[in-house]
Each structure stands twice: as C-alpha cells, then as structure tokens.
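The values are calculated or read from the model by the stated rules, or taken from the named source; none is laboratory data. The structure presented is a predicted model; accordingly, all values stated were derived computationally and were not measured. Heads up, the Cβs are rebuilt from the backbone with ideal geometry, glycines too, and the neighbour counts pull from every protein chain shown. We work out accessible area using only protein heavy atoms, side chains counted, and drop any ligands, DNA or RNA first. Shrake-Rupley method; radii C 1.70, N 1.55, O 1.52, S 1.80 Å.
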Amino acid sequence: MSWRSGSRGVVLTAYHPSGGAGDVPGGFWSKRRQDSNKYRRSGQYTMNHDHSKKIPDGASFDRSGSQDSLDELSMDDYWKELENIHETRGNNHEERVALVVKEPDEGELEEEWLKEAGLSNLFGESSGDSLESVVFLSTLTRTQKAAVEKRVETVTQTMRKKNKQHQIPDVRDIFRLQNDSKGKVCDGSEPSAVRTSENKNETHDGTKGNFSLGTDEQKSLLEDVPSSDTDINLEISFAEQAANLKDNSVGKMYKGGGGDTLLPNFRLPKDKTGTTKIGDLAPQDMKKVYSLALIELTALYDILGTEFKQQKAVKIKTKDSGLFGVPLSLLLEQDQKKVPGTKIPLIFQKLIAQIEETTLETEGLLRIPGVATRVKGLCQELEAKFYEGTFNWENVKQHDAASLLKLFIRELPQPLLTVEYLKAFQDVQNLPTRKQQLQALNLLVILLPEANRDTLKVLLEFLQRVIDHRDENKMTLKNVAMVMAPNLFTFHGLGSKTIEQSEFVMAAGTANVMRFMIQYQKLLWTIPKFIVNQVRKQNTESQKKEKKDKAMKKLLKKMTYDREKHEKQDKTPNDTDVPQGVIRVQAPHLSKVSMAIQLTEELKAGDIVARFLSQKSGNVQTLKKEEVFLYEIGGNIGERCLDDDTYMKDLYQLNPNAEWVIKPKQS
C-alpha cells in the first residue's frame, strides 16, 4: 500500500497492475534490508526522531522510542514481507481504482471534527440551539474544553473569512456561563469541577454518587492517588495526566533493547465499581462514549504536541459482492444472510480456523509466504465456491491460508484501521511515553467502527495464539509484529527508488505500534472509567433538564402531576419491601425471577448471579454462568453489563437509582 501526493489529495493505492507504479526491481527489497541495517548500526535514525531534542534537567521520560528499540526490532522480517506483498501484486493483473484521500480545505477538518464530537450545533444554521450542548460541555475536563475551543475558534475564523451569515457562538462564552454566578451553571446548579467538600459527592438530583469530572477534582486525584509506573490510571483523563506530567517533568524511563519481555507489564488497578469493556454499554451511551473519546484523544495529542487530523476518503466504486476487495460492512451484510448475527466476516473466521486446524507450531507461520500463483488460484476459487459450500479446504496448505488471510486484510477497499484514523494510529509512535502510547491506542480502538473493531479483535487474539507457540514456530512478538505491520499500515514511499531515512522510521514505528496492539489487546478494549463517569454525569444532567422543561410547560402540568402521583403510589409498597442496604434483583430468564439482596462490603456481581443460578427449577431452561450477567440499568447510566468482580455496595453508592437485572448478554 502506498501514498502518492496529488494536487487536491493523497492517493492511497492498495495494489498496482503488473508493471505499474508499484513494479519494483526484484533486488530492491534486499537493498532496503541492507540499508535498514546500515542506518540502524550508524544510529542515524531513531523510532521517535522528535525525542532527539534535549530533555530539561530533572526530567526523565518513559521513552517509547530509542536506538535500543530499533536494535531490538530487526527489520529483516518487515522488508521480506514487503517483498512478498510486491510479488503477490505482480501476479495480479487486475486493475484497481485508487482510494483518494481528500485534503480538506481550511476549517473543514475542524468542522467535521465538531460534527463527529456531537457539537455541530455550535456553528451553522442550528447554532441558535447551542445551549443544548451546555450539558455535554459541562462534563468536559480542562484539556477537553481547550481542544473544543481550539476547533470552534478555527471554524469561526474560517466562516468569517467566507462571509457566512450564520451566527457562531464562542464556545468559551458557554464555558464561562457555567462558571458565572459564584460557580453556578446556566440552570443555577453547581458544576462538579467547583463543588465544595461538603457536596462534591452529591449528584444534582440529591443522591450521592462518587464520580469525579472537573479539573479541580482531577488535579486533586492526580496529587493524592499513588500510582505505579506500570499502572494505567483510568479514573483521570489521559490528557490531564499528560498535562500534569508535562508540568512536573516526572516519570521514569523504560529503556529498549533485548526481547519481548522488555515491554512494561502494564496493568489496570482493580476498580470496585467494575471494569467496563466495549460492548458492555447500551448503544445510546456508547454514542456518548465515542464523542468523549474523540475529544479526549484530540486533547491528548494537543497536549503532547502531535497533530491530530482525521482523513476523509472520497467515495469510490467498489465490488458489491464476493470476498476479497469488498467493503467490510457489505461483506457482513451478505454474511448475516447466511449466519444471522455474525459480526466477523465468515471467510476471515474460516481462514483463521484453517490455519489453526493444522497446528500453530509450524516454524515460520505467517512469515513464510504461500506460493504466489497458487494463492491467486485459491483466491479465485474461493470467490466462486465459498458461499456455495463447494470449496475443498483440504487443498489449502497452511502457509497459503496465512497468505490469504493477509491478502484479505490488504484487499479491503479501506484499511481495517480506517482511512479516518490510520494516520493517528501511525502517529502513536511519536508520543513521548509508552503509557501515553497505550492510552492513545485505547481511545483509537474505541473510535473504530464496530465491524472494524470486532474484526481487529479477532485478528489480535489469533496473533497472540500464534505467539504462544513461539518456542516451536519461532514467531516471537516482534517477529509477528514485523510481518503484520505492512499488511495493516500504509507504508510511505513503497514505490520510491530513493532511500529515505523517514521510510525506515515509519517501518519501525508501525511495527512497534503493531507490537503494542498485540501485547496489550486486553487493555485496549476497556472503556476508561473517567469517560463512563462523564456519561453518567451527562445522563444525570439531561434527566434533570428534561424534568425542569416539563415542569415549565403549562400543558404538561396536569400530566406531570398525575404521573408523579401514580409513580409515588407504585413505589410506596416497594420502598417498604426493600429496606436500606438491600437491592431488588430481577431475573426474568431464570427460575427465581426476583430476589432481595442484602449488600455487604464483599458482595460481588458474580456472587449474585451464582445465587440465582443455584435456584433450580424444571420449568425454565437452564442457563450456564458464562451465559448470563448482572446488569445495571437506569439511574445515571443507560445499561451496563457488570463484570463478576464488581463490588455491589460501591456501585450502589455510585448509582442508587439503578435497577438490577440478570439476563443473557446480547451479541
């Protein structure tokens, strides 16, 4: 895959016809490998070239890139993989339309960013309704607000230059409104960032909740909570942590060099209110998570001085059926007609299964390519026979299946990591510390479309299983990363005859990002607690605003009165039935459909599920423990699937108005 600059955009070409722009002499990649080793030995380039700048005295950083890191990552496997890719392209005479990545005009990028962040009503024809965003803006941290302000200012200036007539409010005025009247927001209530010690744990509806959002609280937590160099703090905004680290110039260095074990053993400290994974939240809350993750990632890149720009692909004509070169969403549509509910392309699943069916102990698995002409023939045969069920998998050799898997990834009309975020994934290598790289990757995974994210997850899990057999197959983490990086990342200058220093930097950098994604994949699918808390805050404020709006409308007064009276009558028996410190858990799918549970300090979600499952009955289908989960529903969250280690008393204090339901997890 290569980039080619044009007058109005960048052309991203997945493969070339034989003898075309990508036709590179056979010995070219051998020369690349020789030059790579020469540059590495001479020390003329490092992974993060920006880090060659002098670091102030007293400041030490957990540097992600160093000469040692490059020594560790021998580039031979990378260049060999590119050579194999080139050979495959050379055997493919089919012309393919290039994917054009549009270079946005001034202000377009920021305008699109605001739309993606759910803040489009801060400009344009709907700008008069900008107060609707006050609830959302009131939950942002200091660094998140700065990121929004920066983009709104750019859009404002651009619209003024273009003489657009729309009224554009200054987002800074909205933020100032929240802090006026002695720390009151627009509706007169206190924002979380300026609460006093007496009420900082109280939500706006009068209930107690311990989620923190504002800059004062976050700064206090940064100072008070001890953290290990390998602990990933999910309670505090990543950008706020970066700003604090930058201000104090504290941190420890992780030096590269050596083998796979040198990557830090990052871990997530135990959270008593439970860890939230992607897929645990309801769609309406995930939409808010997406907006917050985009703003947080942008704020983090701003703080660290790395440019964050979303690319936009111009729509091109693609195949509307088949297996290879079909858009992921379209492929899943046709697969779901065969297997309802499937989230991973069937051909992708089958290729992985075919590789694993032989053995994962085969030496050079993923690194040794299949025979190019044979792979091409198999590809054509699969296109014709896969959905008919007449394809003979016994004819597929293991290395051919591995080559087909990599071919499937490369042939996607748009990269698996998406055109929008591919550059951001690449730029992770430029962040100063490994912890910050991991934080950025966490946010980027959240931002991926569901189909891309699910497919990436299955791929990374498979790659880890390959690495688990490294003693036999000789495929270590760094080997697998080197082989897979060219298949997932754009490589600058693929068709260039000139040896560029930056080319080797990009190669090593994307391989290191690949290595991080494999090594820390379990952490990457976690939604940071500070983002979940911001969602809780938004829900609480929205509920309060809705109640206030209804109360102000005369036509709804009687309806509101009747409804509240009816609810009060309904709640009275339950309130007497459920004493203080007890929750009522519903389980409509189990034989015991309801149970009052006494909360204790050590009671966990898994304990409650086990208690229900122990109640046997022949009238209801038996469900296994791994099939059902306890859910937190309502209050300040839409819906959240709880992990078994969630301490229920702590979560109840965070969301006392929630309902608790045991049910199967929806796929």
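Couple of notes before you dig in:
- The listed residues are Glu361, Glu388, Glu381, and the only one of them that is within 32 Å of the chain's Cα centre (by Cα) and either of a type outside the set (A, V, I, L, M, F, W, C) or under 17 Å from Leu323 (Cα atoms) (or both) turns out to be Glu361.
- Gln501 vs. criteria modelled with pLDDT under 90, among the polar types (S, T, N, Q) and open to solvent by 10 Å² or more (accessible area, probe 1.4 Å): yes
Residue by residue, here is whether (1) in contact (Cβ under 8 Å) with a residue 24 or more places away in the chain; (2) more than 25 Å from the chain's Cα centre (by Cα); (3) on the phi > 0 side of the Ramachandran plot holds:
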residue: Phe308; (1), (2), (3): yes, no, no
residue: Gly325; (1), (2), (3): yes, no, yes
residue: Glu333; (1), (2), (3): no, no, no
residue: Ile347; (1), (2), (3): yes, no, no
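- Once segment 382-413 is narrowed to residues that are under 17 Å from Leu459 (Cα atoms) and of a type in the set (S, T, N, Q), the residue that is surrounded by the most Cβ atoms within 10 Å (Cβ to Cβ) is Ser403.
- Residue match in segment 602-614 (condition: open to solvent by less than 40 Å² (accessible area, probe 1.4 Å), β-branched (Val, Ile, Thr) and either more than 23 Å from Lys537 (Cα to Cα) or modelled with pLDDT under 95 (or both)): yes
- Odd one out for Leu556, checked against (1) modelled with pLDDT under 95; (2) closer than 30 Å to Leu443 by Cβ: (2)
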